[in-house]
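The values are calculated or read from the model by the stated rules, or taken from the named source; none is laboratory data. These figures come from a predicted structure and were not determined experimentally. Cβ coordinates were reconstructed from backbone atoms using ideal geometry, including for glycine residues, and neighbour counts include every protein chain displayed. Surface areas here come from the heavy atoms of the whole protein model, side chains and all, with no ligands, DNA or RNA. Shrake-Rupley method; radii C 1.70, N 1.55, O 1.52, S 1.80 Å.
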There are 2 protein chains.
Amino acid sequence: MASPSPPTPPSAKRVKTNKDTPYNLIYWPGIPGRGEPIRLVLEEAGATYTDTAQMENGMFTVTAHIADDNTGDPSNPPALAPPILKHGGLVISQLSNILLYLGQRLHLAPRFGDGAGDGAYIVNQLALTALDGLSDETHDTHHPISVGLTYEEQSEESLRCAKEYVANRLPKFMGYFERVLKGEASGERPWLYNGTFSYADIVLFQCLDGVKYAFPRAVGQLKKTGDYERVFELYDAVKQRPRIKAYLESHRRQKYSMGIYRHYPELDDAG
Amino acid sequence: MASPSPPTPPSAKRVKTNKDTPYNLIYWPGIPGRGEPIRLVLEEAGATYTDTAQMENGMFTVTAHIADDNTGDPSNPPALAPPILKHGGLVISQLSNILLYLGQRLHLAPRFGDGAGDGAYIVNQLALTALDGLSDETHDTHHPISVGLTYEEQSEESLRCAKEYVANRLPKFMGYFERVLKGEASGERPWLYNGTFSYADIVLFQCLDGVKYAFPRAVGQLKKTGDYERVFELYDAVKQRPRIKAYLESHRRQKYSMGIYRHYPELDDAG
């Protein structure tokens, strides 16, 4: 049953300080990837956190957590893949799950367990839908066959997939969020739910930012139609939030490269 | 802002009766699909529910909910896709989100908001991981390029995708859950977390059941290795739970056909 305990990130690398138990983000260094919505939530809240992306041996921490012989610890099962969040004695994985947890802890979602608790499920729904369509499906345009193969080994299939994505899937998801923002339940503009800023707004911002990097031509064309003005308004509003803005301008914001969002001009032109 | 309100499923079709507010499941009739883990959870709990799969005009209810001009209602945003759960005034979508909600309501997960609340995030993590690997990735073996194309239009790519799935992805996910079950946090056998039956066990059962239907040869070979005995033990234990067993033997359990889990012998043989 025993397996080597993954190393705890050193406290010397804490990004900010306050009185809360620090959050430890464990994710591949070198790409924003599926760690980025988590970083943005932590930054927006001014939370204290460590990040393996900022550590010399960060990669080793990640691989220890997902090693084939890691069976977790007495309280926590192992993770299949990063991102992983360690907070006190809790170790959890799966991006939407980590966001759900942080939404509660950092007051970026309605709280479970009080009268408005059902709103937490609506925020979770919106985050899951953004991640499905604008993160996972965007990733799959350059890896439609398998994550175990390189892009070059599936570039023909990627062209077909990207064509469908640009023509149908991307407008479908953008149209969905425009519709959410038009709906009464979104409340006052520019936010997705109940006129209140939540982590779902951050997720939609980050997803659209990644898609803009990967498919600048396709996103530019969608913007020109004017059919998604509320989505782009939300994007701009998140980007201008003071803590998010400061983070985006800092060295902690990693550049897009070979992660979820990749810019292959032939895929952007495929639509 | 206004859009036609989707019809409420008629109460005459309620599957069972008790004193709780009935749950209304809105999902494509004709396939178990992404509705099935929800049905199993409702059945296990003995909850009162309606199901569009059992209604003559069920398909109409589904399409009304996801219509391009539906902007939701004053409290709830629209859904992108089914499954959708209506419960009292709440309307939520996204399979993992609906399961999270039902887990709390039907006591099939640790409860948020008390001392053991963090366990709810662990159960959510396990369910999300099973759905990622054994539901979504299984679906993608027959639709690697786009859900907007038929299988026949992407059968070549499907062969390549299925080969990778059988050789690498399926054993990876099976190995992960075997590792979870070996770990201390799973507690006493046969359940995934804390020696206590939860909806994550139901999800893993249903996912493996679907994969067995789609890839009988591949699953048979994995079983023969003896490397996944805890996963198969959990599968058998869920299947033998009295309410689940009765449901599986009833007319309400729909047959696999052209949904997430499809049996194409050429894909099963591709590994």
- prompt: Given the C-alpha centroids of the range B:42-78 and the range A:37-108, what is the distance between them in whole angstrom?
  reply: 35
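Tell me the mean residue ellipticity at 222 nm calculated for chain B from its helices only (DSSP H runs of n ≥ 4, each -39500 (n - 2.57), averaged over every residue, nearest 500).
-13000 deg cm²/dmol
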message: Sort B:His139, A:His142 by heavy-atom solvent-accessible area, probe 1.4 angstrom, most to least.
response: B:His139, A:His142
statement: With a ≥ b ≥ c from the Cα gyration tensor eigenvalues, square-rooted, and the rule rounded for a/c under 1.5, otherwise prolate when a/b > b/c and oblate otherwise, the range B:151-262 is oblate
query: When Lys and Arg each count +1 and Asp and Glu each count -1, what net charge do the other residues less than 13 Å away from B:Glu156, Cβ to Cβ, add up to?
result: -3
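Just the number, please: buried accessible area between B and A, total of both chains, 1.4 angstrom probe, nearest 100 square angstrom.
5000
Averaged over its residues, how many other protein chain Cβ atoms are within 10 Å of peptide B:137-149's Cβ atoms?
Neighbouring Cβ atoms belonging to other protein chains average 4 per residue here.
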- request: Find the accessible area per residue for the protein assembly as shown; the probe is 1.4 Å, ligands and nucleic acids are left out, and the unit is Å².
  value: 39
query: Where does each of A:Met55, B:Met258 land when they are ordered by accessible area, with a 1.4 Å probe and the largest first?
result: B:Met258, A:Met55
field: Vicinal HN-Hα couplings computed from phi for the range B:236-246 (Karplus, 6.51 cos²θ - 1.76 cosθ + 1.60; Hz; Gly/Pro x)
entry: 5, 5, 5, 4, 8, 5, x, 6, 5, 4, 4
- prompt: Excluding ligands and nucleic acids, what accessible area in Å² is computed for A:Trp28 using a 1.4 Å probe, to the nearest 10?
  reply: 80
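Please work out whether the protein assembly as shown counts as rounded, prolate or oblate from its C-alpha gyration tensor, where a ≥ b ≥ c are the square roots of the eigenvalues and a/c under 1.5 means rounded, while otherwise a/b larger than b/c means prolate and anything else oblate?
Rounded.
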- line: In the range A:11-105 the accessible area split gives carbon plus sulfur, as whole percent at 1.4 Å, a share of 48
Point-charge dipole on Cβ atoms (K/R +1, D/E -1) for the protein assembly as shown, about Cα centre, debye to 20: 1160
task: Sort largest first and round to whole Å: the equivalent ellipsoid semi-axes of the range B:11-105, each the square root of five times a Cα gyration tensor eigenvalue.
output: 19, 15, 13
query: To the nearest 10 Å², what's B:Glu229's accessible area with a 1.4 Å probe?
result: 100
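Kindly provide the Kirkwood hydrodynamic radius of chain B in Å, to one decimal, from all pairs of distinct alpha carbon atoms.
19.4
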task: Name the long-range amide H neighbours of B:Asp51: under 5 Å, sequence gap of 5 or more, or other chain; modelled H, no Pro or chain starts.
output: B:Leu25
message: Taking θ = phi - 60°, what integer Hz values does the Karplus form 6.51 cos²θ - 1.76 cosθ + 1.60 yield along the range B:41-48, in sequence order, with x for Gly and Pro?
response: 5, 5, 5, 4, 7, x, 7, 7
Accessible surface, 1.4 Å probe, highest first, among residues A:Lys223, A:Lys86, B:Lys224: B:Lys224, A:Lys223, A:Lys86
- line: SASA check, B:Leu95, accessible area w/ 1.4 Å probe, all protein chains in place, rounded to nearest 10 Å², comes out at 20
statement: A chain fully extended from B:Met258 to B:Lys223 at 0.36 nm per residue, minus the present Cα-Cα distance, gains in nm 10.1 nm
